[in-house]
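One structure below.
Every number here is computed from the coordinates shown, using simple stated rules; none is lab data. Only a predicted model underlies this, so the values are computations on that prediction, with no experimental measurement involved. Cβ coordinates were reconstructed from backbone atoms using ideal geometry, including for glycine residues, and neighbour counts include every protein chain displayed.
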Amino acid sequence: MLKILKYSFYDLMRSRWSYVYFIFYLLLGFVLLFLNNDVSKAVITLMNIIIVLTPLIGTIFGVMYYYNSREFTELLLAQPINRSKIFMGQYIGISLSLTLSLLLGLGIPFVAYGLFKSAAIFDFSLLLVVGSFLNFIFVALSYNIALSTENKIKGFGYAILMWLFLAVIYDGLFLISLMIFNDYPLDKFSLIATMFNPIDLSRILILLKLDISALLGYTGAVFRKFFGTNVGMLISMFILILWVVFPVFRINRKLRKKDF
Amino acid sequence: MIEFKNLHKSFGKLTVLDGLDLSIKKGGIFAILGPNGSGKTTLIKCLLGMVIPNKGEINFNNKSVLKKWEYRDNLNYLPQIANFPPNLTVIELINMVKNLRPKESEESKLIKLFGLEDFLNKKLGNLSGGTKQKVNIVLTFMFDSELIILDEPTTGLDPIALIHLKELIQEEKAKGKTLLITTHIMSVVDELADEIVFLLDGRIYFKGSIEALKKQTNNNNLEHAIANLISKQYA
């Protein structure tokens, strides 16, 4: 598996898109720091971007890589290697190269600006951890979609829809349900509904670590009580891990019956 | 050496292999023929473990191959369409496959034979279809395995490369290896094959030597003899 991982990783590291992605984050980091002139403020703006963008890029890269390397995967499948090792190698290769672009692209400007002397270092690292999780989650989800869909265009469409649903539509439905069931106690419901969407979970996890959570009002207090504590933090991290484990598990199950 | 027993495979409503039985002895060149969509590639992919049959048994050297992968160390496969990661160079790809398969390999002789020396440091994405097929052939023949499976090996090759390929196939046969070849080019079959396996409607319609086929169809020309077999499907 490590060999496949290595080659997928090198292959991606040499593709133009990895650099575009890396340079994008690099520029973003510098621009935000110069505009805000303050690390903690830059972290907030960055959060809004990362939480929507990393899932999108992860989704697109995952689907693209799967479909583009289909013939090559067939060549690998004819070699004496276990099927699931091939796909796990590819999956980890993509996720790692995206994560590296994220970490380096944002890490360099923030370190250059004096992150280590700033109080925001913890928030910033949390942001990077969550961003990396989102990479792993969405590459796994998109691999699931690609594995289940033979047609490239359809697979691409479903993957984008999945991203759109989790990044935008889910929140809309969530808000509508909060409005409709306004008369009922909703704190448990909203807590649980958050768990079912990795993007929401990541957003709230970071928001509550930042000082702006007071803006969230009553529900914010409930969330704060939950996520603000170490236990809540651990539980949310655990759920993010589950969000990686389940899709990966399904990839392996799907592979057992898949024809190439 | 290879045995298929009562093999069934369907993709949705389309039945491709319908209770196919076939056994292939060790040594010699076997041409797998049949009209388009008759299940040639599916049959090969079942043997390779890429397509999972609905029902049936496949044995390779008297061991079942289903859900296993170790047996693939003893076979080489040339896929129909050669498409490689565009960002790797030819030599990197060759080294990668060598790395994945820790086994004796003799790629330098083959690289020379197909005149690929100048392409070694070029990226695979920039190669023409024929050159890619040559790389594909190098990757297939560089390992020493008992069984060699070639799916449409002649696609895109220029006449010189084609002659080299045919020589290569003959050489491997002389070493006592088993070769399975699918192709639509009858002159290749006529020149190389010891035995023909003709697939139709997901079953073996004919198996035997070229002579036997000519006799059975009352036709002296192989191309017409095969056309004769296929036309029964259209009738």
Expressed as an acute angle from 0 to 90° and rounded to the nearest 10, what is the orientation of the C-alpha long axis of helix B:90-100 relative to the principal long axis of chain B? 70
Where labels lie 7 Å past Cα in the beta-carbon direction, separation of A:Lys117 and A:Leu178 in nm: 4.0
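How large is Rg over Rh for the protein assembly as shown, taking Rg from the Cα atoms and Rh as the Kirkwood inverse mean of 1/r across Cα pairs?
Working: Rg = 28.2 Å, Rh = 25.9 Å.
Rg/Rh for the protein assembly as shown comes to 1.09.
Calculate, in whole percent, how much of the Cα-Cα pair population of the stretch A:1-145 lies beyond 27 Å. Provide the component values of the computation, followed by the final result.
Numbers: 2840 of 10440 pairs.
The calculated P(r) of the stretch A:1-145 puts 27 percent of pairs beyond 27 Å.
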Over the alpha-carbon set of chain B, divide Rg by the Kirkwood Rh and report the Rg/Rh ratio to two decimals. 0.97
Interchain or long-range residues, amide H under 5 Å from B:Val51's placed H: A:Phe260, B:Cys46
What residue among A:Gln90, A:Leu134, A:Thr45 has its Cα farthest toward the positive end of the dipole of the stretch A:2-257, where the charges are +1 on Lys, Arg and -1 on Asp, Glu, each on the Cβ? A:Gln90
HN-Hα couplings for the stretch B:18-30 via Karplus (6.51, -1.76, 1.60; θ = phi - 60°), in whole Hz with x for Gly/Pro, come out as 10, x, 7, 10, 7, 10, 10, 7, 6, x, x, 10, 10
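Explain nothing, just the number: dipole magnitude of the stretch B:76-235 about its Cα centre with +1 on each Lys and Arg Cβ and -1 on each Asp and Glu Cβ, in debye rounded to the nearest 20. Numbers along the way, then the final one.
Numbers: 18 positive and 21 negative charges, 55 e Å.
In debye, rounded to 20, the stretch B:76-235 gives about 260.
Which value at 222 nm does chain B reach when only helices count, each DSSP H run of 4 or more adding -39,500 (n - 2.57), with the total divided by all residues and rounded to the nearest 500 deg cm²/dmol?
Roughly -10500 deg cm²/dmol at 222 nm, from the helical runs in chain B.
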Proximal charge balance of B:Asp151 [Cβ under 11 Å; K/R count +1, D/E count -1]: 0
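At 0.692 mPa s and 37 °C, plugging the Kirkwood radius over alpha-carbon pairs of the stretch A:2-257 into Stokes-Einstein gives what diffusion coefficient in µm²/s? Present the calculation step by step, with values, prior to reporting the outcome.
On the way: Rh = 19.4 Å.
Calculated translational D: 169 µm²/s.
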Helical mean residue ellipticity (222 nm; -39500 (n - 2.57) per DSSP H run of 4+; nearest 500) of chain A: -28000 deg cm²/dmol
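Going highest first, how would you order B:96-102, A:59-65 by mean Cβ packing within 10 Å?
Values: B:96-102: 16.1, A:59-65: 23.6.
Top of the packing list down: A:59-65, B:96-102.
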Dipole magnitude of chain A about its Cα centre (Cβ charges: Lys, Arg +1; Asp, Glu -1), debye to nearest 20: 820
Here the membrane-span-like helices of chain A, with no claim about any membrane, defined by DSSP H, Cα axial extent at least 24 Å and mean Kyte-Doolittle at least 0.0, are A:16-36, A:39-68, A:83-113, A:121-148, A:230-257
Count of lysine pairs in the stretch A:2-257 with Cα atoms under 28 Å apart, counting only pairs 8 or more residues apart in sequence or on different chains? 23
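So how strong a dipole does the protein assembly as shown carry about its Cα centre when Lys and Arg Cβ are +1 and Asp and Glu Cβ are -1, to the nearest 20 debye? It would help to have the intermediate numbers written out before the result.
Numbers: 52 positive and 39 negative charges, 172 e Å.
It works out to roughly 820 debye.
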Normalise the Cα radius of gyration of the stretch B:115-235 by 2.2 N^0.38 Å (N = residues in it) and let me know the number. 1.23
Counting sequence-distant residues (5 or more places) and residues on other chains, those with an amide H built under 5 Å from that of B:Tyr205 are B:Phe198, B:Leu199, B:Leu200
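Take every residue in peptide B:78-85, count the Cβ atoms of other chains within 10 Å of its Cβ, and give the average of those counts.
Working: counts 2, 6, 2, 3, 4, 8, 5, 13.
Mean shielding by partner chains, rounded to a whole number: 5.
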Can you compute the modelled spin-label distance between B:Ser209 and B:Asp118, with each label point 7 Å from Cα toward Cβ, in nm? 4.5
